[in-house]
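In what follows, a structure is listed as structure tokens, so that the remarks can point back to it.
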Amino acid sequence: MPATLPDRLAAPAAADATTLDQGFAAPSGRRSGAGTAALAVSEAQRSERLARMRAGELGSVHSWELVTAVDGPGTRMTVFLAGCPLRCLYCHNPDTWQMRAGEPIEAQEILARLRRYRKVFAATGGGLTLSGGEVLMQPAFAARLLAGAKAMGVHTCLDTSGYLGAACTDEMLDDVDLVLLDIKAGDEQTHRRVTGRPLAPTLAFGQRLAAAGIRVWVRFVLVPGVTDDPDNIRKVAEHAAAIGTLERVEVLPFHQMGRDKWDALGLDYALTDVAPPTDEQWSAACEQFRRLGLPVGGNPAGVSR
Amino acid sequence: MSTISQAPSTTTAHLEPVPDPWRGFPTGSWQERVDVRDFIQRSYTPYLGDAEFLAGATPKTRRLWQTLERDYLSVERERRVYDVDTATPSDVDAFGAGYISDDDDVIVGLQTDTPLKRAMMPAGGWRMVETAIREAGKEPDPDIKRIFTRYRKTHNEAVFDIYTPRVRAARSAHVITGLPDSYGRGRIIGDYRRVALYGVDALIEDKKRAKDAVADQPFSEHWARYREEHAEQIKALTKLKVLGAQYGFDLARPAATAQEAVQWTYLAYLGAVRSQDGAAMSIGRLSGFLDVYMERDLAEARITETDAQELIDALVIKLRIVRFLRTEDYDQIFSGDPYWATWTDGGLGDDGRTLVTKTSFRLLQTLRNLGPAPEPNITIYWDEQLPDGYKRFCAAISIETSAIQYESDAQIRERWGDDSAIACCVSPMRVGKQMQFFGARVNLAKALLYAINGGRDEVTGAQVVTGHAPVPGDAPLDFDEVWARFEDMLDWVIGTYVEALNIIHYSHDRYAYEAMEMALHDSEIVRTMGCGIAGLSIVADSLAAIRYATVTPVRTDDGLVTDYLTEGDFPRYGNDDDRADDIAATVVHTVMEKLRAIPMYRDAIPTQSVLTITSNVVYGRSTGSFPCGHRAGTPFAPGANPTNGADTHGMVASMFSVGKLDYVDALDGISLTNTITPAGLGRTPAERVTNLVGILDAGFAPQD
């Protein structure tokens, strides 16, 4: 690990499963940018807004997108929720960290949009992916979206670090078909360095998913000089192998497409000089997973979040 | 309707008896009258399997393609034009036989005596020919020049004899651009299959009969034109037999084998591209037709699969070396030197059977055997119901070569039947029963700026249109007011545009009539006036900005609005956001309503396209800045594409936006150009194919 890397970036003061409510900063209004285009922004006033967010009727949404082959199988409507408890060094969407930076969007508004795309989902084997930010920062909102999607027969997927897995209820898991579980690092020290948070909740969530019979794709971002220590990768592979319902591992190469966002937000970006892994480095990392008999995919050109 | 006589089995110069051309074909009304569709429907074998049966390129095919590349194509890339024949105005039979090499003996025929050598077609206009010859580094022949400037009037001369002041003004201000007033209009697909199925003699008999069917009617201009055009068609067919004889074939009779069917069909197309240099010279829908002959020859053990593939490879090689004499200006408008030998394939029949045959696969296989190339422009009519093996093969070839375009089969079939083909890139027409008067397109984006400036050009400041007041004052623009002015301005713009088109096609029919192609049409056909618009996304985004944000005009000292200050957010076309997409759909509908209100030359049915694939740079260069932020002089987005960078919610969302444009308002077609890297479709080749098939199957109509 290069000495120049900060031990950790400032993590938000209160953002774990037990103190989630205090972390609930309602978005204040419409931001610039086209992130939520075509979704009507809620006009609810602040006090009402907070109450409706707790009920899951309203969420803080960063953006939505129709994507193919990046956030789960087929063509999917990926909804990026605002707010995240982690501060990953390589985060390429730091503008999703603050919940208040999102826009207040009704769950019904998203479900109505989802309904339009049912044929696309059916034709491509796609569906809904809830991503972020961290989707489990807004568990009630997520639960409502998942239930709504399942009610119309749409495949559902969570893209999560699992750090807030405790916020995910069993009822909610009933409505989840697939989890993209991001294991950011294999050992406690590296995980804390990379994310500012402990690793254990992620591993616990993985075991809970396996126990519930929910399919899991483990995702791991390969960052030269940060996560590419073979020992670290081996441990990530072991954690992945321990998940009984693991279906696929995706090794995502780090890229520099998020750098401008760090600059725009006035944040101190520690990876300015880090180059994306070479094809050889990427292949070597994949090989470590294969050695444990894991089905490895990932896309050399894939986009990590 | 009298019977088309079946050609007798005769003995040719090859001293082998010609087998009965129609042996084994199901009987039907196609034997009573020219009806290729009926023949196909009764005879073809749908293929529901996968690509396993296909054969690779033969050594001969490979040698031929390598010779072309080494001796001709590489030279042409260096000097832009390989060679020009400056002595021989081109025609169906103007040149003797020519070959690429000794290996060139499968499907033969060149436009001139040498591959890639371009020929003059001065009937369209002399100036264009002379410029192109000089740009190619050669000198025009003074005798030819005298003929076409002194004795033989051209299409171009006629057009400018008739053009009105307002057409000239709109042309020079680039409100209307790329009009076919000095080059061939194209967008006509001869039914080249007729030559193979019936032989030229039967087609001549049919045309003579049609010509004389009106002989006892009284004189009218329409009657005279009908008879004169039929006479021209018969002359062209007679020349086509000469062309066949130059290569040793008796085109008078029907084709009797698969090799002959491909050869006859190609020579008919060759007759067309020797006599016309239209902007798009599309070849139609051949696979199902040719496959009938392939199946028969395979059953008779006359050919193997390798032979069948060699025939299609040889045909495609010929289609890849069609060349026309163009000017550098022309190449700019069309971004290169395209000739749009569009070959339509796939789709379903009215009876629900797929029209996919093994030859549909063989056509795609040419992209592997010969490598990718833009011509022939392979266009697949896509439907979810297409056989899975074919869908996956299309997707795989798309991913490998980026050389396939897709159309919605259901939408086209519903309107134009199950034997239609695409002319150029998106214009569908019933083969042999319909043609288009190609209309280039009008710069709709500029029309919006004219509406704001009351007809003054935002680039030159000149008053191009009179009788329109500019938006007054310095206050932010009001949507309703701008829309009303836009509609008023459209009346002038569309009226002027159609006036130009009527003049152009009247003149083209008189002075550059496509006798060869029209000889391969029915005598009574449907004509459409293919009007087009450029700059849709800029118009939609700008109107959305005026409506949802605050747009303040920025004026020069003399009051001309040349820029806009736009504050606040506004929805943009291309994100499946109804607020912006509805504006786009309304604009297209409004233009169509205005077109419908204007009488068209030869009772043509007006249609509209949203399809600028190639000329966006040219349109953008002469257009100013917009409320949406589009800067003066920069290229437009192609066709119905969202403005570059404005679609932020993924390609599929932009497809939904485009899907909201009503096909009824744009029956000449809507194009959306997308770039996807293979890696963007999935992690394995199989996953990529599945995902692309899924995207195409989805159809982009929202579910209610």
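Below is a table of values for the structure above.
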{"quantity": "Scaled radius of gyration (Cα, divided by 2.2 N^0.38 Å) that the range B:66-122 gives", "calculated": "1.16"}
{"quantity": "All lysines inside 22 Å of B:Lys391 as judged from Cα atoms, apart from same-chain residues fewer than 8 positions distant", "calculated": "A:Lys119, B:Lys358"}
{"quantity": "Shape of chain B, Cα gyration tensor, a/c cut at 1.5", "calculated": "prolate"}
{"quantity": "Projected area, mean over directions - the range B:388-494, Cα convex hull, nm²", "calculated": "11.8 nm²"}
{"quantity": "Rounded to 5, the percent of DSSP beta bridges in chain B classed as antiparallel", "calculated": "35 percent"}
{"quantity": "Efficiency of FRET between A:Ser283 and A:Asp231 - r from beta-carbon atoms, R0 30 angstrom, step 0.05", "calculated": "0.95"}
{"quantity": "Label zone at B:Val554, where the point sits 7 Å out along the Cα-to-Cβ direction: the range B:618-649 residues whose backbone N lies under 14 Å", "calculated": "B:624-633"}
{"quantity": "Sum of -39500 (n - 2.57) over DSSP H runs of 4+, divided by residues of the protein assembly as shown (222 nm, nearest 500)", "calculated": "-12000 deg cm²/dmol"}
{"quantity": "Virtual spin-label span in nm between B:Arg510 and B:Ala97, 7 Å along Cα→Cβ", "calculated": "4.2 nm"}
{"quantity": "The range A:32-298: antiparallel DSSP beta bridges as a percent of all, rounded to 5", "calculated": "30 percent"}
{"quantity": "Aspartates and glutamates with Cα under 17 Å of B:Lys145, excluding same-chain neighbours fewer than 8 positions away", "calculated": "B:Asp85, B:Asp91, B:Glu130, B:Glu135, B:Glu157"}
{"quantity": "Chain lengthening between B:Arg602 and B:Lys138 when straightened (0.36 nm per residue, less Cα-Cα)", "calculated": "163.1 nm"}
{"quantity": "Top of A:Thr124, A:Thr96, A:Thr156 by mean-square fluctuation, Gaussian network on chain A, Cα under 10 Å", "calculated": "A:Thr124"}
{"quantity": "B:Arg225/B:Ala410 FRET efficiency (R0 30 Å; Cβ-Cβ; nearest 0.05)", "calculated": "0.20"}
{"quantity": "Nearest-0.05 FRET efficiency for B:Arg631 and B:Ala301, computed from C-beta distance (R0 56 Å)", "calculated": "0.30"}
{"quantity": "Magnitude of the charge dipole, chain A, Cβ model with Lys/Arg +1 and Asp/Glu -1, debye to 20", "calculated": "640 debye"}
{"quantity": "Local electrostatic count at A:Ala212 - Lys and Arg +1, Asp and Glu -1, tallied over other residues with Cβ under 9 Å", "calculated": "-1"}
{"quantity": "Cα-centred dipole magnitude for the protein assembly as shown, charges only on beta-carbon of K, R (+1) and D, E (-1), debye, nearest 20", "calculated": "360 debye"}
{"quantity": "Inter-part distance where the range B:508-530 and the range B:418-435 are each reduced to a Cα centre, Å", "calculated": "13 Å"}
{"quantity": "Separation of alpha-carbon centers, the range B:440-486 and the range B:348-382, rounded to whole Å", "calculated": "46 Å"}
{"quantity": "Net charge of Cβ neighbours under 10 Å - reference B:Asp103; Lys, Arg +1; Asp, Glu -1", "calculated": "0"}
{"quantity": "Longest site-free stretch - chain B; sites: trypsin sites (Lys or Arg not before Pro), DSSP loop, at most 16 other Cβ within 10 Å", "calculated": "B:354-630"}
{"quantity": "DSSP-defined beta bridges in the protein assembly as shown - what % are antiparallel, rounded to 5", "calculated": "35 percent"}
{"quantity": "Cα centroid of the range B:614-684 to Cα centroid of the range B:281-345, whole Å", "calculated": "29 Å"}
{"quantity": "Most mobile listed residue (A:Val223, A:Val274, A:Val61) in chain A, GNM with C-alpha springs under 10 Å", "calculated": "A:Val274"}
{"quantity": "Within 10 Å of each Cβ in B:683-690, the average number of Cβ atoms from other chains", "calculated": "3"}
{"quantity": "Label-point separation, A:Ala112 to A:Ala151 (7 Å along Cα→Cβ), nm", "calculated": "1.5 nm"}
{"quantity": "Kyte-Doolittle at least -1.0, axis length at least 15 Å by Cα - qualifying DSSP helices, chain A", "calculated": "A:139-151, A:200-211, A:230-241"}
{"quantity": "Volume in Å³ per residue [convex hull over Cα atoms, computed for the range B:81-196]", "calculated": "157 Å³"}
{"quantity": "Within straight-line cross-link reach of B:Lys211, lysines at Cα separation under 19 Å, skipping those fewer than 8 residues along the same chain", "calculated": "B:Lys235, B:Lys239, B:Lys433"}
{"quantity": "If the convex hull is drawn through the Cα atoms of the range A:32-298, its volume per residue in Å³", "calculated": "122 Å³"}
{"quantity": "Convex hull volume per residue for the protein assembly as shown, taking Cα atoms only, in Å³", "calculated": "188 Å³"}
{"quantity": "Full-stretch length increase - B:Ser335, B:Thr675 - with 0.36 nm per residue and alpha-carbon distance subtracted", "calculated": "120.6 nm"}
{"quantity": "Summed side-chain charge close to A:Thr169 - residues other than A:Thr169 whose Cβ falls under 13 Å, Lys, Arg +1, Asp, Glu -1", "calculated": "-2"}
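Read-outs: derived from the displayed coordinates by stated rules, not from any lab. Everything quoted here is computed from the prediction, not taken from an experiment. Glycine also receives a Cβ, built like all others from the backbone with ideal geometry; neighbour counts cover every protein chain displayed.
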